[in-house]
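The values are calculated or read from the model by the stated rules, or taken from the named source; none is laboratory data. What you are looking at is a predicted structure, and each value in this text was computed from that prediction instead of being measured. For neighbour counting, all protein chains shown are included, and Cβ atoms are generated from backbone atoms with ideal geometry for every residue, glycine included. With ligands, DNA and RNA removed, areas are computed over all heavy atoms of the protein, side chains included. Shrake-Rupley method; radii C 1.70, N 1.55, O 1.52, S 1.80 Å.
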Amino acid sequence: GEGMAAHHWVCKLMLYEEPLRVPFTICWPHRIPRGVIDRKHLVSGLDVLPTLCAWAGIDFPAVTGTSLRPLTEEPQKAGRPFVVCQLHSDTENLEMQGRMLRTSRYKYVAFSEGRNPEMFFDLEQDPGETHNLVPTAAAATELDRHRALLRQWCEHTQDPFAATDVLRSCPSLV
């Protein structure tokens, strides 16, 4: 009706690299070298608390994140093998959700429902995420490994997404 404000919702409906790759900047004069850019290690916003606590020398509760202090002190360390991100795109339907598991080269995305319940990208060959490798036989081994990693992550963190159809029957890692 007249005088009623229209509500426009903006939400992220896909787990593309651009909105997920938020710079993690750390500055501590005389402790952390200036101007170092690390594009190798995978980090998460979940790492902020354990990292700050480790530098402050205080204990922190058991959390999903890990301290990045060892990586700043010894950049040749391997770091974590993957990061996970979650998406809840519909505030009216909380069952509709997505998860992304990113390794150094690949990205696996799974949704609880929808036209494309799974996507798998080789970010080295396809940084624009334009070619979904799920239907191809060439990526089957890596795809299965990423499915299993996501399922195990969900089980470890008690994320109910592990029970969705897309992850329920995926293979286990040995």
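Descriptive notes on the structure:
- Within segment 31-71, considering residues that are within 22 Å of PHE82 (Cα to Cα), of a type in the set (Val, Ile, Thr) and touching a residue at least 40 places away in the same chain (Cβ under 8 Å), the one surrounded by the fewest Cβ atoms within 10 Å (Cβ to Cβ): THR64
- Flag if ALA140 is of a type in the set (Gly, Ala, Ser), open to solvent by 30 Å² or more (accessible area, probe 1.4 Å) and without any contact (Cβ under 8 Å) to a residue 60 or more places away in the chain: yes
- Within segment 112-130, the set of residues being under 17 Å from the mean Cα position of the chain (by Cα), open to solvent by less than 40 Å² (accessible area, probe 1.4 Å) and over 13 Å from VAL166 (Cβ atoms) comprises PHE121, ASP122, LEU123, GLU129.
- Residue check, ARG102 of a type in the set (D, E, K, R), open to solvent by 20 Å² or more (accessible area, probe 1.4 Å) and in contact with a Leu (Cβ under 7 Å, 6 or more places away or on another chain): yes
- Qualifying residue in segment 87-99 (condition: touching a strand residue (DSSP E or B) at 6+ places or on another chain (Cβ under 8 Å), modelled with pLDDT of 80 or more and within 17 Å of ARG145 (Cα to Cα)): yes
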